[in-house]
Amino acid sequence: MIKVKFWGVRGSIPCPGPKTMKYGGNTACIELRFPEVNRHIIIDAGSGIRELASYMLAHDLPNGPISTEIYLSHTHWDHIMGFPFFVPAYIPGSQIKVFGPVTYEDEPLEDIVGGQMKYRYFPVNMGELAGSIEYKRLKEEPFLDLGDGITLSTTIINHPITALGYRFTFRDAVFCTAYDTEPFRNLFITDPEDPSYDEFMAAEGELAAQEQNQVLENFYQGADLLVHDAQYTREEYEKNKVGWGHTPIEDAIASARRAGVKRLALFHHDPERSDDQLDAMGEKYCSTESGDPMQLFFVREGQEIILGTEQVNPE
């Protein structure tokens, strides 16, 4: 069994307020609990990790020192900004392991995550944290044995800096992430009327894009739950968002269906998107025909889903 809870579902920047109360205004943070083996994993340390920390202090700390692992999809600020407010890091006895990709090889993960904890930005320095914190850089890995029957695969996704999708497997449950990514596209000139057009390069670019998109679909093939980027509509994307590293909703749905995903959580909501707008988009995109094998929904902060049993509640 994997218990999944969403503590932050927004992209780019926190956006609390009366128009975002239903879906939430915190940036990315997802919690995975494996109660049968007493393991705890956090994916991304956006602003949502602050409330997760409060929950852990009330419910986990009374049972002994906190032990957790944080997997960062990438190191853009909206995915690490909550780390200075993760209170277990300040408590002696806490064991925290931080994993994630790094774009520039000469920068250790510790400096990137901890760089925001300098006196010029924050009143507590990284060196003052009382918990034990380990950092490990991750790359694309086809298989990692995390122990206790939990395995992890990672894949490179398409974002302006190095970012990873995660596939966690535990017994009969598969949980995947693919957010802060956009479809791979042909980077060569495809207009035959353009003076710089090269037919061979255009064909090769198209083939490369198709192959990379297929790699990602293969990565989350058959997942019980896929959390996928869906920040824009296709109209918004094509108007002025190409290259920003986010996926049109229509593409996310089509890709997940081709991959045989069982449940699709549309994630990384645009900070300008109100609850009313997301409700309307849910009616438009998530109304499926009877017999459709895939459940899909715009995920909400605080939402919980249990994988590996029949207890599933995407509402």
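The values are calculated or read from the model by the stated rules, or taken from the named source; none is laboratory data. Just so it is clear, the structure is predicted and the values come from calculations on it, not from any experiment. Neighbour counts run over all protein chains shown; Cβ positions are idealised from the backbone, glycine included.
Miscellaneous remarks
Matching residues to (1) among the basic types (Lys, Arg); (2) within 23 Å of residue 47 (Cα to Cα):
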{"residue": "229", "(1), (2)": "no, yes"}
{"residue": "236", "(1), (2)": "no, no"}
{"residue": "250", "(1), (2)": "no, no"}
{"residue": "253", "(1), (2)": "no, no"}
{"residue": "259", "(1), (2)": "no, no"}
{"residue": "263", "(1), (2)": "yes, no"}
{"residue": "272", "(1), (2)": "no, yes"}
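- Cβ-Cβ under 8 Å pairs, at least 6 apart or on other chains, region 25-47 side closer than 19 Å to residue 147 by Cβ, far side in a strand (DSSP E or B) and of a type in the set (Gly, Ala, Ser): 40/67
- Any hit, region 2-16, residues being without any contact (Cβ under 8 Å) to a residue 60 or more places away in the chain and more than 21 Å from residue 85 (Cβ to Cβ): no
- Lone qualifier among 54, 47 - being touching a Gly at 6+ places or on another chain (Cβ under 8 Å) and either among the small types (Gly, Ala, Ser) or part of a strand (DSSP E or B) (or both): 47
- Residue 252 meets all of the listed conditions (1) modelled with pLDDT under 95; (2) under 19 Å from the mean Cα position of the chain (by Cα); (3) small (Gly, Ala, Ser) but one, namely (1).
- Any hit, region 59-78, residues being of a type in the set (Asp, Glu), surrounded by 14 or more Cβ atoms within 10 Å (Cβ to Cβ), under 17 Å from the mean Cα position of the chain (by Cα) and assigned to a helix (DSSP H, G or I): yes
- Candidate set from region 244-268 (those that are touching a Leu at 6+ places or on another chain (Cβ under 6 Å) and part of a strand (DSSP E or B)); member that is surrounded by the fewest Cβ atoms within 10 Å (Cβ to Cβ): 263
- Among residues of region 79-91, those that are crowded, with 19+ Cβ neighbours inside 10 Å, assigned to a helix (DSSP H, G or I) and over 12 Å from the mean Cα position of the chain (by Cα), counted: 4
- Residue within region 219-234 that is aromatic (Phe, Trp, Tyr) and either within 19 Å of residue 185 (Cβ to Cβ) or in a helix (DSSP H, G or I) (or both) present: yes
- For the residues 230, 223, the requirement of being touching a Cys at 6+ places or on another chain (Cβ under 7 Å), surrounded by 15 or more Cβ atoms within 10 Å (Cβ to Cβ) and touching a residue at least 40 places away in the same chain (Cβ under 8 Å) singles out 223.
- Selection of region 170-196 for residues being modelled with pLDDT of 90 or more, in a loop (DSSP other than H, G, I, E, B) and either hydroxyl-bearing (Ser, Thr, Tyr) or farther than 15 Å from residue 253 by Cα (or both) yields 171, 172, 179, 180, 181.
- Every residue from region 127-163 that is under 30 Å from residue 246 (Cβ atoms), in contact with a Pro (Cβ under 9 Å, 6 or more places away or on another chain) and either among the acidic types (Asp, Glu) or not in a strand (DSSP E or B) (or both): 138, 139, 140, 158, 161, 162
- The condition (being in contact with a strand residue (DSSP E or B) (Cβ under 7 Å, 6 or more places away or on another chain), at pLDDT 95 or above, within 21 Å of residue 68 (Cβ to Cβ) and crowded, with 16+ Cβ neighbours inside 10 Å) is satisfied by just one residue among 165, 149: 165.
- Residues in region 7-40 that are surrounded by 24 or more Cβ atoms within 10 Å (Cβ to Cβ) and in a strand (DSSP E or B): 7, 8, 10, 27, 29, 30.
- Those residues of region 197-213 which are in a loop (DSSP other than H, G, I, E, B) and either surrounded by 14 or more Cβ atoms within 10 Å (Cβ to Cβ) or not aromatic (Phe, Trp, Tyr) (or both), in sequence order: 198
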